[in-house]
Amino acid sequence: MARILVTGGAGFIGSHLVEFLLQQGHEVLCLDNYFTGSKENLMHLRDNPRLEMIRHDVVNPIMLEVDQIFHLACPASPVHYQYNPVKTIKTNVLGTLHMLGLAKRVKARILLASTSEIYGDPLEHPQQEKYWGNVNCIGPRSCYDEGKRVAETLMMDYHRQNRVDIRIARIFNTYGPRMALNDGRVVSNFIVQALSGKEITIYGEGQQTRSFCYVSDLVEGLTRLMNCEKQTEPVNLGNPEEFTIMELARKVLTLTGSTAPLVYKPLPPDDPVRRKPDISRAQKKLGWQPTVPLDAGLKATIPYFAGKLKG
Ligand SMILES: NC(=O)c1ccc[n+]([C@@H]2O[C@H](COP(=O)([O-])OP(=O)(O)OC[C@H]3O[C@@H](n4cnc5c(N)ncnc54)[C@H](O)[C@@H]3O)[C@@H](O)[C@H]2O)c1
């Protein structure tokens, strides 16, 4: 049994990770400022004596005794990370700095939840970890993209300079129950719009592609990465199956039985045209690949949103 800190543990991915780690028998410290996460996401685990909840903002340092740190604290959806861009940068830069300082002091292994957004609007397809990306440093998404890029730099420098034991997961689009209703990302948007019979918003012509990873697959990948023997270089974690946004909309309409109409809006600035992970490194080094097909993942996610909409 290890004592494991999960920052951002009350969020969408974090809450699934906390649940998984508890099931594995670990002691889990969940640290969150509840900006986008909520206690409700962990309510079903509140009686577990191995779970401790800490209200804390990672822009401030904290002293704890832990063996491992999963550093997830950061709003992930554009609506949330653009709400206060300066705070998003602080969370990524100061937050990661403080978690690395902690990891260094207590000799804990630390995993950063980085993102496919570090590839920006990629000029290579699919994206391999060795690709450096095509990122606009002054656009509305930069607070997140560049924030995560600096976070990765900090991880590598703490490793080179201080021998901190690091892992970097580059997470691609992930979906599942416990995404926030107002998350604003495509899967939750489409499901909520379809279930409430509202218009389904397609940006551009819907021909841009994305790959969607179900959250249980991602949690498996994150824990394998954390526990593999040596993997300092970043690892892509995502589902390489590629769908156009239009295909996703049609699937959601079919699975919800909705007749909501499609409406088209202009593409937001810096919205990537294609995004698909090359996961050969994860397959080779972690023996990991996603197992949940999009239809099955959507079927597991739709009832969650239906319940939320009922209140
Ligand atoms: N969901 C995805 O598709 C995806 C893709 C790539 C990367 N990621 C990364 O995974 C991590 C988790 O994403 P998510 O989808 O669960 O998002 P989320 O917004 O649901 O979770 C983020 C959590 O971090 C907390 N948080 C935010 N700022 C904080 C701060 N300053 N101090 C303490 N806690 C803070 C929030 O309250 C929330 O509980 C993020 O780092 C995100 O960048 C997610």
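Note on Ala296 and Gln283: the model spin-label points, each 7 Å out from Cα along the C-beta direction, lie 1.8 nm apart.
In terms of distances greater than 25 angstrom between alpha carbons, the cross-link table entries Lys198/Lys299; Lys107/Lys284; Lys251/Lys285 yield Lys107/Lys284; Lys251/Lys285. Exposure proxy shown here: for Met156, Met226, Met53, the number of other Cβ atoms within 10 Å sets the order, fewest to most, as Met156, Met53, Met226.
Among Arg109, Arg274, Arg160, the largest mean-square fluctuation in a Gaussian network model of the chain (Cα springs under 10 Å) belongs to Arg160. Between Gln82 and Glu233, the distance separating the two model label sites (each 7 Å from Cα on the Cα→Cβ line) works out to 3.4 nm. Note on Glu241, Glu247: ascending count of other Cβ atoms within 10 Å places them as Glu241, Glu247, the fewest first. When the Gaussian network model of the chain links Cα atoms closer than 10 Å, the mean-square fluctuations of Gly206, Gly139, Gly14 top out at Gly139.
At q = 0.10, 0.12, 0.16 Å⁻¹ the log10 of I(q)/I(0) for the stretch 45-137 amounts to -0.36, -0.51, -0.84, computed by Debye summation with a single uniform scatterer per C-alpha, solvent ignored. At 222 nm, what helix-only mean residue ellipticity would the chain give, in deg cm²/dmol to the nearest 500, using -39500 (n - 2.57) for each DSSP H run of four or more? Mean residue ellipticity at 222 nm (helix-derived): -12000 deg cm²/dmol. The Rg/Rh ratio of the stretch 137-244, with Rg taken over Cα atoms and Rh as the Kirkwood radius over Cα pairs, comes to 1.04. Compared with the direct C-alpha span, the chain from Thr153 to Met246 gains 29.9 nm at full extension, assuming 0.36 nm per residue.
Gyration tensor over the Cα atoms of the stretch 149-202: the corresponding equivalent ellipsoid has semi-axes (square roots of 5 times the eigenvalues, largest first) of 39, 10, 7 Å. By the beta-carbon count within 10 Å of each Cβ, the least crowded to most crowded order of Cys213, Cys137, fewest first, is Cys137, Cys213. How much of the calculated P(r) for the chain lies past 29 Å, in percent of all Cα pairs? Every Cα pair in the chain considered, those over 29 Å come to 32 percent. Starting from one equal scatterer on each C-alpha and no solvent at all, send me the Debye-based log10 I(q)/I(0) for the stretch 1-110 at q = 0.16, 0.19 Å⁻¹, two decimals. Relative scattering, expressed as log10 I(q)/I(0), comes to -0.66, -0.92. Taking R0 as 45 Å, what FRET efficiency do you get between Arg160 and Lys310 from their Cβ-Cβ distance, rounded to the nearest 0.05? Result of the calculation: an efficiency of 0.30. Projecting the Cα atoms of Gly133, Met156, Ala103 onto the charge dipole of the stretch 83-162, computed from C-beta unit charges around the Cα centre, puts Ala103 farthest toward the positive end.
Overall, the stretch 61-166 carries a charge dipole of about 380 debye about its Cα centre when +1 sits on the Cβ of Lys and Arg and -1 on the Cβ of Asp and Glu, all other atoms neutral.
For the chain, a crude dipole built from +1 on the beta carbon of Lys and Arg and -1 on the beta carbon of Asp and Glu, taken about the Cα centre, is about 320 debye to the nearest 20.
Read-outs throughout are calculated quantities, based only on the coordinates presented, and are distinct from any laboratory measurement. From a predicted model like this one, the values you see are computed outputs, not experimental measurements. Counting neighbours? That spans all protein chains shown, and the Cβs are built from the backbone with ideal geometry, glycine included.
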